1. With an 8 Å Cα cut-off and a minimum separation of 6 or more residues, compute the relative contact order for region A:479-544 in percent.
2. Between rounded, prolate and oblate, where does region B:221-269 land on the alpha carbon gyration tensor, with a ≥ b ≥ c its root eigenvalues, rounded for a/c under 1.5, else prolate if a/b exceeds b/c?
3. Amide H to amide H under 5 Å from B:TYR117: which residues, 5+ apart in sequence or cross-chain, H placed 1.01 Å off N in plane?
4. With θ set to phi - 60°, apply the Karplus curve 6.51 cos²θ - 1.76 cosθ + 1.60 along region B:149-158 and write out the HN-Hα couplings as whole Hz, x wherever there is a Gly or Pro.
5. Could you bin all the Cα-Cα distances of region B:427-493 into 5 Å bins starting at 0 and give me the percent of pairs in each, rounded to whole numbers?
6. Mind giving me the FRET efficiency for B:ASP233 and B:GLU189? R0 is 56 Å, r the Cβ-Cβ distance, nearest 0.05 is fine.
7. What lysines does B:LYS242 reach when the alpha-carbon gap must be under 17 Å and sequence neighbours fewer than 8 apart in one chain are set aside?
8. Distances from B:ASP397 to the same position in the other copies: list them in nm, one decimal, shortest first, using label points 7 Å from Cα along Cα→Cβ.
2 protein chains.
Amino acid sequence: MIRVNLKVVVLLLCAAVAAVTLSLWTRCGEAVLAGRGRDWEAGGKKLPNAQDAYGGSSDVQGYEEIDCHINGEYSVGCRKEGGEIYVPFSFLHKYFEVYGKLATYDGYERFEWSHSYSKVYYPKGKYDPRGVFMYFENYNVEVRERVKCVSATEGVPVSTQWESQGYYYPTQIAQFGLSHYSKNLTEPEPRRTVLEDAERDALVHWVVPAGATLTRMSDPHSGSHVLQFSSPDSATGGVSLKLDHVLDFVLGLSVRLGSNSSFTVVLQSREKRDQVFQLHYICSDLLISAQDQHVYHGVGHCGPAQPWRRLTRDLVVDLHKGMVYQNKPKRKLSRSKLKVIGITFRGSGQLDNLTLSTSEHLSQFYDAAVWLVRHQDASTGGWPNPVRRRVAPGMADLEPGWYSAMGQGHALSVLARAYHHSGGDASYLHSALAGLRPFDVASSAGGVLASFLGHVPWYEEYPTQPASFVLNGFIYALLGLYDLSTVAPPSAAQQAAQLFRQGMASLKQLLLLYDTGSGTTYDLRHLTLGTAPNLARWDYHATHVNQLLLLATIDHDPLLTATAERWIAYMSGKRAAHN
Amino acid sequence: MIRVNLKVVVLLLCAAVAAVTLSLWTRCGEAVLAGRGRDWEAGGKKLPNAQDAYGGSSDVQGYEEIDCHINGEYSVGCRKEGGEIYVPFSFLHKYFEVYGKLATYDGYERFEWSHSYSKVYYPKGKYDPRGVFMYFENYNVEVRERVKCVSATEGVPVSTQWESQGYYYPTQIAQFGLSHYSKNLTEPEPRRTVLEDAERDALVHWVVPAGATLTRMSDPHSGSHVLQFSSPDSATGGVSLKLDHVLDFVLGLSVRLGSNSSFTVVLQSREKRDQVFQLHYICSDLLISAQDQHVYHGVGHCGPAQPWRRLTRDLVVDLHKGMVYQNKPKRKLSRSKLKVIGITFRGSGQLDNLTLSTSEHLSQFYDAAVWLVRHQDASTGGWPNPVRRRVAPGMADLEPGWYSAMGQGHALSVLARAYHHSGGDASYLHSALAGLRPFDVASSAGGVLASFLGHVPWYEEYPTQPASFVLNGFIYALLGLYDLSTVAPPSAAQQAAQLFRQGMASLKQLLLLYDTGSGTTYDLRHLTLGTAPNLARWDYHATHVNQLLLLATIDHDPLLTATAERWIAYMSGKRAAHN
């Protein structure tokens, strides 16, 4: 047995209530050493008697230091007071991974002990595949750190999760789409200012420098008027619009750009007027680049043959990604601190319907849906993940191009909603139906179908060898299947319905495999690899709970509700009984 | 949120080191309320500053009461001192089921924190089926509370675990045999005093009252001399031997009793000479009865046709069971406090080789082995459990007569050792080989064979519908199969070897199903019933560990060792990682 000075790390929760931090503990997110060592020989000095808090005379007795000897392994400085031993929370935090913070309200201070840190979402009613997806209205996919940027070519996020260069990750793109679809249903109508629709008589705001032109013309394709601009290098500047617009930072415009053309949106800090940022949208395959106050997004290939495109850009997101690109994140540049002061078009092209809005969720949703239709492998129906991925030591790497049942399922959830919302656009339905194919192909053969003990079919978030049986990804796949089976016309819905039924049966058969009696495991790798269980951290555990609660609204098997309720209880420290 | 006065139960471990109990805590095994309530409004009164235990000036700061608010559910009185919160152990004991006690040694007092309470037995070498079984040399089956008595008819324990009347429980009988076999190998040679072997010329000690006779005669069966006694009701008393024997309390005698005959052993307290106990062994099917100082055990049917029998009686066990029978357990009557002062034979009969020994482990082992040979169902090879058993709500009751893979396996372990130790007595081998049959019969059809997901064979300790997959019973079954496959002649060993191999493969496939990341489950009922996992309490968890460590000496698959090591770590609070 070795005497060690216990150094423990105190993690403070950043929670909603007014938290007063202790002297040794500093701001949220910062870890502090709060351990204290004491010689074995120094034990048990008696401190002065303390007065009973009740004002009584005999209840509270002496207060002493005493060593707590932990499992015969190391020692922690405790306190002894009468018939009670007091154990320091800094030790408990580390030993049990419980959380705590001081909070003052109602006029007095208390210590708030939390067994877990995640949130349960109770469904408001029966799950509707035409409505909000899970609780994704709370998601903001594009602001995540692992999103490099929102591609200006595709209008969808680019992930750096498993490859720092950035790649299109179908699961993330679908979540982006689902979050915007859900926000569209839950948020109030956005403010939307039409800056230019080319239908007005006079173009009063535009500044057209010498050598440049701006012409209103009729467009045979759209049947409406559009603006045609030309600002060659020989001109003294681009065709520009001066603005003084606050609060609404989602730019929309329909555009056709000629070769080597671009447009630039200029933002300014409302507090420091010399802080000006230029967001350049350029004809390039570049995802994002930035230099000081200049941020560049590539809108892809330009030229006369290009069709009209509708671009939707969250300017604040674009600005932030540019700052992060330079490793200079500027958290203070929030929406309330900025304004749009101008937009400039250079080169040549046409534009129409230029808007600034609080949000354009539906446009962004459709950007995701269209991306999925366009980037599906026609021969397999899969949305390939273009990165190598090692799920766990002992498992073979997933080679670039693998499919994910979660990605497929999320795509079905997006496409089912797009099919519904668009009033029946067949391209979404056909893509979704094709997306079912990998569910019938073994994960060893390029699909997503695994089998538990050769017996129970399972849709793999990661089609690993050996199988990994990730729970949350499987349930997301089930939701996608349910969404499609509900929204598709009856004749087309059968395969999805059958896959959903099969998956629900598997879920019920294997669900309890994930139950540890005090939490859940993330997957079943321990069974296939013979290793320690991969316990789910509390946010994944909460996801399991939220998924079960949602499924319980469409399948009334009491197993789902009973399991969800037990798993909720685990989050406040309850455990299954032991014998 | 409700404010409750937390009432917590403090459980003190009865451990080996000198434990000094606190004022509010009393003796081991006794639960004490140590909770303390405080009004919300009274929070945060500052107590006088305490002097630093180092004698320094600035380290220890003020010491205050503060409420700990537990998961928003209830409140516990904590202490705040500088940058640290101190939480009462009485709460932690209840919340986390950790254990603690004060201990003083090396001149100072400390608080010993224990995550668990069980012991790991590290094997000393490769497991040998001819040697000690597991660590059963530490078992003392017959003193368990759930043993009603050791039958004087059969020489084996009678269980009251699931039926208070008492019944022969093959698993327990086998454990009785295995513990005595193991003790015989690990304990020193017993002292054995021959009181009478009928070979001496003069019978000096015997008291033969008027009307009674005692004759030395030659016995044609044994080829030795025996004593023939007769003490009819008309005699003034039984034929008796006065003794003054201490420390050795295991009586052995070979005997043939005539109808309505009996013998009585008289014990006396060494401290209180008026405390005299009479242990009567009577011709009756009675298991045990008792009235005040008189304890009765039935030796079964008597009469002229009866063959010679060898009886082995632990007199102290018999005395204690008689006291417990009257609900008057006398813990103070330990071996050191008693002596044997006489033995009396009444009625008629013959006796030989009367001994008093420290122990007679081999005799008791063979009592178990012979019982198993005699009470096996010849048509099925099973040892029936004659009680109804409900393993869990939701499972069909096991009807009387069910077989247990653990009982069958334990029986194999006994019979393999008896076959080996007896130098090849075929009756033990034949019984063991017949005992394999239920391993090939489905538990639904009266056997012990279940199947996990229709795929993985499993030997059921309890052949429930649906299956229960008890882990420790399965491994005990494996050990029995291994024992037989090792000890049996090669031609006879094959079926056991095949069943063992099959079982080991299943064990490796399903072992991790029992791993919760912080302990183990006792069975897999949660999967088959859809309920909470039935967590293994620490002694069962330790059994799992001990079994794996033993198996790892005969099967070098690193899965066994790695899993055992992780499960050992759980016993001191380590957990599997979360993601």
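1. Details: 53 pairs, mean separation 12.0, N = 66.
Reported as a whole number, the value is 18 percent.
2. On the way: a/c = 2.20, a/b = 1.20, b/c = 1.84.
Note, shape of region B:221-269 comes out oblate.
3. Under 5 Å from the amide H of B:TYR117 lies no amide H from a residue far enough along the sequence or on another chain.
4. 5, 9, 4, 7, 7, 10, x, 10, x, 10
5. Here the calculated profile for region B:427-493 is 4, 17, 26, 23, 16, 10, 4, 1.
6. Numbers: r = 42 Å, r/R0 = 0.76.
So the FRET efficiency works out to roughly 0.85.
7. List returned: B:LYS339.
8. Here B:ASP397 shows inter-copy label distances of 6.2 nm.
The values are calculated or read from the model by the stated rules, or taken from the named source; none is laboratory data. Not measured: the values here are computed from a predicted model. Glycine gets a Cβ as well: all are built from the backbone with ideal geometry, and neighbour counts include every protein chain shown. The protein model used for the area step is the full one, side chains on, heavy atoms only, and it has no ligands, DNA or RNA in it. Shrake-Rupley method; radii C 1.70, N 1.55, O 1.52, S 1.80 Å.
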